[in-house]
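Written out below as structure tokens is the structure these notes cover.
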Amino acid sequence: MPSPAFRETSDAIEVHDAPDAAGPDPHARLRGLGYEDAAALLRPRSNTASPAAGQDDTAETRGAAGAESDFSEKLAKWSATAPKQNYDHVRFRGVMVNKRTRQLVRRAEKIMREHFNHDDFRFSFSQGSYNRSVSASAGTHDGGGALDIRTRGHRKKVVDHMVQSLRMAGFAAWSRGRGHDSFGGSPHLHAIAVGDRELAPIARAQVTDFAHGRNGLRGHARDPDRKLKAPVPKWAKNKLNKLRR
Ligand SMILES: [Zn+2]
């Protein structure tokens, strides 16, 4: 009979199947790309050779570019393919989520590992979904699709990559507690899965806020992470565009 611990172990096995991609600075390609440039980034690279790279095209750099290109194809596939609409509840690293949310987390984790080169990276959670016990969250975690992600112990750059990876996977995600909100004492990331059919009403409103480049908090201040240039997948972008009308 599978216990929660057993299921957690199974999860760990499933998510550790990715070979680590190597590359000098693969996310350099992200710089200068805006929110609207998702399709350009997520399309597999074909004939977009960098002029600078041509100068010293050693075997090693060609290999790294190849690995990155393979991952670009995976990103393009994820961009075109929304996660399965599976709302079965599962325990996942200590919190409750639905399977759709778990699938998106796994995508984000692979982006952390293979695009941002944080080998063996794993998200860890301080709050999940379907959780009506935390009044401080004002109901955002009552339904599906919601996660709070721990950031303590990570460098600023890594936290930035976490926000980017979550957004690139299809979450409305923001950093909290970095000096632009009232969460100073408890830094974390707050993430809501775009397109989740079981979102709490207030979580749904946060996704709308995200679509408008806002922070999802009372007052609707500007998205504190707007400079991070994280292109959202095409399926999520279509949903966000509808919310902007
Ligand atoms: Zn939260």
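Read-outs: derived from the displayed coordinates by stated rules, not from any lab. These numbers come from a predicted model, not from an experiment. Because the Cβ atoms are built from the backbone with ideal geometry, glycine has one as well, and the counts that use them run over all protein chains shown.
Just a few scattered comments:
- Partner lysines whose Cα lies under 24 Å from the Cα of LYS99, excluding those fewer than 8 positions away in the same chain, are identified as LYS74, LYS77, LYS84, LYS110, LYS234, LYS237, LYS239.
- Label-to-label distance, LYS157 versus SER186, with points set 7 angstrom from Cα along the beta-carbon direction: 3.0 nm.
- Mean Cα-pair separation over length for segment 89-244, i.e. relative contact order, pairs under 8 Å, 6 or more apart, %: 21
- Cα-projected label distance for ARG245 with GLN85, points at 7 Å along beta-carbon direction, nm: 1.8
- Vicinal HN-Hα couplings computed from phi for segment 117-131 (Karplus, 6.51 cos²θ - 1.76 cosθ + 1.60; Hz; Gly/Pro x): 6, 9, 4, 6, 4, 9, 6, 10, 10, 9, 7, x, 9, 6, 10
- Backbone geometry of segment 171-185 corresponds, through the Karplus equation with coefficients 6.51, -1.76 and 1.60 at θ = phi - 60°, to 3J(HN,Hα) couplings of 9, 7, 9, 9, 7, 10, x, 10, x, 10, 8, 9, 9, x, x Hz, x marking Gly and Pro.
- Relative counts (whole %) of C-alpha pair distances in segment 89-244, using bins that are 5 Å wide: 2, 10, 20, 25, 23, 15, 5, 0
- Estimated at 0.36 nm per residue, the fully extended path between ARG226 and THR208 surpasses their Cα-Cα distance by 5.0 nm.
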